[in-house]
Amino acid sequence: MLSSEFLVALPSGAEANPYRDDDWNVVYKFFFLGEGGSLGKKIVLEEPESDRFEIKLLPARLFDTLEKLSVLNEAGGHPTEIVGLSSNADFLIAKQPLAFPYKSYQKDREIATKALGGIVPLFTNLERQVAVFWLNSQGWLISDLHHRNIMRDREGNPTIIDALIGPVTQTARRKLAWLRNAEEDAEDVRCGRAPRKRLQFGDGTDDDSL
């Protein structure tokens, strides 16, 4: 139910309605309120009764979405400015420089993930592909890097314009060797160190006592 006389509507996403401002070459994103007061989405790595960890897609709250925008911006994603709330508080508004289509999705996604300091772990046994990056003394999971979230900036560099993130929890870190390894490597990358060498086919056990 949004309209504008000077902004150009772009295809809507699951979280926000984007509008292009051709005068200033920026895109405004209107994150809309959902049922129960949700605003956007987030991911959580949970362990269900089957004892197999899974990535769950959950409704986010205002703080979660503000955190996501801030973390992705600071980590090296597409520059994002938080404008504020609409006058009726129905929308959280963010602004980004105008981005352009990717040239090769797989290659551009890989480059954009590396620009974030992301480590893509192997053999996770998860249905969704994830990467792990490190920021502000915290490990983060990132997912939802589909075709519409990978673009190029004005200099032609592949960039992540949006994604879903969630913090690495202590429980998941303790039980999953691949997650510990990826988080350690992501911290090394963020600190300018070379990631340590890993076994070619992953650790043989998750038992820290061995």
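The values are calculated or read from the model by the stated rules, or taken from the named source; none is laboratory data. These numbers were taken from a predicted model, which means no experiment stands behind them. Methodologically, a virtual Cβ is constructed for each residue, glycine included, from the backbone with ideal geometry; neighbour enumeration extends over all protein chains shown. Keep in mind that these areas ignore ligands, DNA and RNA; they rest on the heavy atoms of the full protein, side chains included. Shrake-Rupley method; radii C 1.70, N 1.55, O 1.52, S 1.80 Å.
What do you reckon, is F6 over 22 Å from V132 (Cα atoms) and of a type in the set (F, W, Y)? Can you show your working first?
Numbers: over 22 Å from V132 (Cα atoms): yes; of a type in the set (F, W, Y): yes.
Yes: the conditions hold for F6.
When the range 141-156 is filtered for residues that are open to solvent by 20 Å² or more (accessible area, probe 1.4 Å) and either β-branched (V, I, T) or outside any helix (DSSP H, G or I) (or both), the ones remaining, listed by number, are D144, L145, H146, M151, R152, D153, R154, E155, G156. Whenever a residue of the range 59-82 is within 12 Å of I160 (Cα to Cα), its partners that are open to solvent by 30 Å² or more (accessible area, probe 1.4 Å) and in a helix (DSSP H, G or I), lying with C-beta atoms within less than 6 angstrom and at least six residues away or across chains, give the pairs G76/A115; T80/N73.
For the range 1-84, the strands (runs of 3 or more DSSP E) that sit wholly inside it and include 1 or more residues that are open to solvent by 70 Å² or more (accessible area, probe 1.4 Å) are 41-46, 54-59.
A115 fulfils the conditions (1) open to solvent by less than 50 Å² (accessible area, probe 1.4 Å); (2) under 28 Å from G156 (Cα atoms) except for a single criterion, (1). Here I160, I111 are screened, and the one residue that is β-branched (V, I, T) and touching a helix residue (DSSP H, G or I) at 6+ places or on another chain (Cβ under 6 Å) is I160.
For the range 118-137, how many residues meet the condition of being open to solvent by less than 40 Å² (accessible area, probe 1.4 Å) and part of a loop (DSSP other than H, G, I, E, B)? So the count comes out to 5.
The test for being assigned to a strand (DSSP E or B) and touching a residue at least 60 places away in the same chain (Cβ under 8 Å) holds for T159.
Looking at P97, P101, P158, which one is closer than 23 Å to D64 by Cα and either modelled with pLDDT of 95 or more or more than 17 Å from the chain's Cα centre (by Cα) (or both)?
On the way: P101 fails: closer than 23 Å to D64 by Cα; P158 fails: closer than 23 Å to D64 by Cα.
From the options P97, P101, P158, the qualifying one is P97.
Just name the residue that is modelled with the lowest pLDDT out of those in the range 175-197 that are open to solvent by less than 90 Å² (accessible area, probe 1.4 Å) and in a loop (DSSP other than H, G, I, E, B).
Just the residues of the range 175-197 that are open to solvent by less than 90 Å² (accessible area, probe 1.4 Å), to begin with: 175-192, 194-195.
Filter once more, so that each one left must be in a loop (DSSP other than H, G, I, E, B): 176, 191-192, 194-195.
Values: L176: 94, C191: 96, G192: 95, A194: 88, P195: 84.
Selected residue: P195.
Evaluating F91 against the criteria (1) open to solvent by less than 20 Å² (accessible area, probe 1.4 Å); (2) within 23 Å of Y19 (Cα to Cα); (3) not basic (K, R) leaves one unmet condition, (1).
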